[in-house]
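I have a structure here, written as structure tokens, and I will follow up with some questions on it.
The values are calculated or read from the model by the stated rules, or taken from the named source; none is laboratory data. Please read these numbers as outputs of a predicted model, since none were measured by experiment. Neighbour counts are summed over all protein chains in view; Cβ atoms, including those assigned to glycine, are modelled from backbone coordinates with ideal geometry.
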Amino acid sequence: MPSFDAELRHRLDFLRERNLLRELRRVDSAQESRIETGGRTLLNFSSNDYLGLANHPALKAAAVAAVGKFGAGAGASRLVCGSLAPFHELEEALAAFKRTEAALTFATGCAAALGAITALAGPDDVLILDKLVHASIVDAARLSGAKIRVFAHNDLDDLEAKLRWAAGRNVENGKRKTEILVVTESVFSMDGDLAPLREIVALKEKYNAWLMVDEAHATGIFGAGGRGLAEELGVNDHVEVQMGTLGKALGASGGFIAGSRALMDWLINRARSLIFSTAPVPAAAAAARAGLQMIQSAEGESLRTNLRKRIAQFKTVSANLPPTARSMIFPFMLGDEAKALDAAARLREQDIFVPAIRYPSVARGAARLRISLTAAHTEADVSELAHVLNQIGDWKLKMKNA
Ligand SMILES: *Cc1c(COP(=O)(O)O)cnc(C)c1O
């Protein structure tokens, strides 16, 4: 045992020396625009609870009611002990929301990516991924055993080159024996920029490929009623596999896939992260369904309006932000890991909590502060953030956003 721990200490020292060590920071309050941590109250610009629903009374009431009726735990996998009603109600609501035939929920967005990608692609197939897709998609791709090709971030020429290569392999008697699945995000989690989904759809149709779009950061924010960027760009019906999480703007936890009935039937039979995992607590599904109702309501619309106001305000008061930035995710690129840690520490000294994002969440040497604005922030909160940023801003702020 001592040598086991000594080895791990050695590895941890290696990370610390490179400014890559991560630690859990305990929070003694709910996730809101202010959090209590270490006996202090910090203004929170770290959360993906973009509409401030995680601690909303309607979501909490729905969770409490579900505990009352369905208990705390789910008993087993939904395939084993029966599938509790709150999951079905949520899936019907998700399908109606995404205007797809059906939807299927998973314990997390990570589990949704893992289950769906490994169910759809195998060793005979090709997966084509944007360079910046989420770790859960990368891990799923590796696990699937499919051939993996990565195209430069949002680069349509490179995507087409990869598609052309994939479409030309394994052809027998004029028939291609390989399926091609392109996977991208719609709003990128660490860069806050948007994928050119219309053009990507045109390319995947030209090469007869399938498309999966991870709308983790767009659901609830973009598109009519918060349906996502694919809806906003009018390509909803051309995306075979639509993915999202219930843990960000929807304020609860869980992940989902939306699409055809056939897709869901296949996933129920082949998605191992669904089949071999105990169903989430029914309270999570009930809270997510309340969140889904909320984002489609007048209140949801006014929350989005508020968020858009904060984004516009931040762009005007903070130096170096391009006017084209559209999302609520602002990466302040610092490059060096130590610089990012130092900047985050200085913000914390001023009672502002912003995470320093480092490898492996982003590439080595691409460390950044990742500021996320939410509908729960007030005008004064955003002014305070901009004031403190400008005050300690002796680093080069280089916004990368579109
Ligand atoms: C957060 C995230 C996920 C995973 O969702 P969870 O519900 O947090 O597991 C997947 N994809 C992207 C792009 C994400 O940002």
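Output the number of the condition that residue 41 fails; it satisfies all remaining conditions of (1) exposed (fewer than 15 other Cβ atoms within 10 Å of the Cβ); (2) in contact with a Leu (Cβ under 9 Å, 6 or more places away or on another chain); (3) of a type in the set (Val, Ile, Thr).
Checking residue 41 against (1) exposed (fewer than 15 other Cβ atoms within 10 Å of the Cβ); (2) in contact with a Leu (Cβ under 9 Å, 6 or more places away or on another chain); (3) of a type in the set (Val, Ile, Thr), the one that fails is (2).
What single numbered condition from (1) within 12 Å of the ligand (Cβ to nearest atom); (2) part of a strand (DSSP E or B) fails to hold for residue 133?
Here residue 133 meets the rest and fails (2).
If you don't mind, there's one more thing I want to ask. Among residues belonging to the range 310-321 that are touching a strand residue (DSSP E or B) at 6+ places or on another chain (Cβ under 9 Å) and more than 24 Å from residue 249 (Cα to Cα), point out the one that is modelled with the highest pLDDT.
Among those residues, the one meeting the criterion is 318.
Kindly check whether there is at least one residue in the range 187-194 that is in contact (Cβ under 8 Å) with a residue 40 or more places away in the chain and under 18 Å from residue 375 (Cβ atoms). First the steps, then the outcome.
To start, the set of residues in the range 187-194 that are in contact (Cβ under 8 Å) with a residue 40 or more places away in the chain comprises 187-194.
Add one more test, that the residue is under 18 Å from residue 375 (Cβ atoms), and what stays is 187, 192.
Taking every residue of the range 187-194 in turn, at least one turns out to be in contact (Cβ under 8 Å) with a residue 40 or more places away in the chain and under 18 Å from residue 375 (Cβ atoms).
In the range 191-232, how many are touching a Pro at 6+ places or on another chain (Cβ under 9 Å) and either under 29 Å from residue 289 (Cβ atoms) or surrounded by fewer than 19 Cβ atoms within 10 Å (Cβ to Cβ) (or both)?
1
Also: Step by step: first the residues of the range 145-160, then only those that are in contact with a strand residue (DSSP E or B) (Cβ under 7 Å, 6 or more places away or on another chain) and over 19 Å from residue 200 (Cα atoms), then the one that is surrounded by the fewest Cβ atoms within 10 Å (Cβ to Cβ). Which residue is that?
Here the residue is 147.
Condition test on residue 326, is it among the charged types (D, E, K, R) and modelled with pLDDT of 95 or more?
Details: among the charged types (D, E, K, R): yes; modelled with pLDDT of 95 or more: no.
No.
Can you name the number of the only condition in (1) surrounded by 16 or more Cβ atoms within 10 Å (Cβ to Cβ); (2) more than 18 Å from the chain's Cα centre (by Cα) that residue 260 fails?
With (1) surrounded by 16 or more Cβ atoms within 10 Å (Cβ to Cβ); (2) more than 18 Å from the chain's Cα centre (by Cα) applied to residue 260, the lone miss is (1).
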